[in-house]
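Worksheet: the structure to be examined is printed underneath.
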Amino acid sequence: MDLMAEFPDGHFDLAIVDPPYGIGEDGKKNHSRGKAANPTLYTPKTWDRQTPPVEYFEELRRVAKHQIIWGANHMMEKIMRGSPSWIIWDKENSGDFADAELAYTSHDRAAKIFKFRWNGMLQGDMKNKEVRIHPTQKPVALYRWLLANYAKPGMRVLDTHLGSGSHAIAAHYAGIHLTACEIDAEYFESAKARIARETSQQTFL
Ligand SMILES: C[S@@+](CC[C@H](N)C(=O)[O-])C[C@H]1O[C@@H](n2cnc3c(N)ncnc32)[C@H](O)[C@@H]1O
């Protein structure tokens, strides 16, 4: 809320946000997500106890012309908007975890499905496997797809809950001006190091 208060109405072309879903996915659970592997252990935290207040969604609509909100199915009573244009990320999970995640969008267009496996050791792009540093990390590939389909190079995009920094890595390669914040100092430092590491390499086609 402090960050958004710094910006005038409609400053951002788009907000892509992934706030707490209020389901306790903040590091206390076993996040191995694959039975053959040792579990990845994260520092237990408490940030996923509740979803943001109604005022957060009002402020998001004030500063950003469009919004994409992950986990919106957990907070519809606060978003208070219908949409023809949901996004489904099909994680191609076959285990105990959710098969998909859902994002509300403010766009007036058809609903879309993005398929990308994200299941413990199994990832959609096994040649470029991502190191996981955060209990609810989303793949860079998901953000690259979102920015390719819902943004244009040069746009100003906001992310109020950066987490692992996947969005920032995708924004770097998509030519997007990303403004983002993360409240947890440990996540923030790990994300900064990861972003520096993963944007310093040259891309060979
Ligand atoms: C669902 S996770 C985001 C994961 C991210 N999309 C990724 O790919 O890594 C939510 C993040 O919001 C952070 N957070 C919680 N409350 C916050 C607040 N008030 N301001 C900024 N960040 C917050 C948490 O520390 C957590 O890292």
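Laboratory data are not the source of any read-out in this text; all were calculated from the coordinates shown. Since the structure is predicted, the reported quantities are computational estimates derived from the model, not experimental observations. Cβ atoms come from the backbone with ideal geometry, glycine included; neighbour counts cover every protein chain shown.
Table for the structure above
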{"item": "FRET efficiency, Ala5 to Val131 (Cβ-Cβ, R0 41 Å, nearest 0.05)", "result": "0.75"}
{"item": "Shape category assigned to region 2-157 from the gyration tensor of Cα positions, a/c cut at 1.5", "result": "prolate"}
{"item": "Antiparallel DSSP beta bridges within the chain, percent to nearest 5", "result": "40"}
{"item": "Net charge dipole size for region 48-108 [Lys, Arg +1 and Asp, Glu -1 on Cβ; Debye, nearest 20]", "result": "340"}
{"item": "Burial ranking of peptide ranges 102-115, 151-164 (average Cβ count within 10 Å, highest at the top)", "result": "151-164, 102-115"}
{"item": "R0 of 41 Å, Cβ-Cβ distance Lys192-Ala110: FRET efficiency to nearest 0.05", "result": "0.65"}
{"item": "Rounded to the nearest 20 debye, dipole of the chain from Cβ charges on Lys, Arg, Asp, Glu", "result": "700"}
{"item": "Most fluctuating residue given options Asn149, Asn73, Asn119, as computed from a GNM of the chain linking Cα atoms under 10 Å", "result": "Asn149"}
{"item": "Per-residue ³J(HN,Hα) for region 110-127, Karplus 6.51 cos²θ - 1.76 cosθ + 1.60, θ = phi - 60°, Hz, x for Gly and Pro", "result": "5, 5, 9, 10, 10, 9, 7, 5, 8, 9, x, 6, 8, 10, x, 10, 5, 6"}
{"item": "Among Val140, Val54, Val17, residue whose mean-square fluctuation peaks in a GNM of the chain (springs only between Cα atoms under 10 Å)", "result": "Val54"}
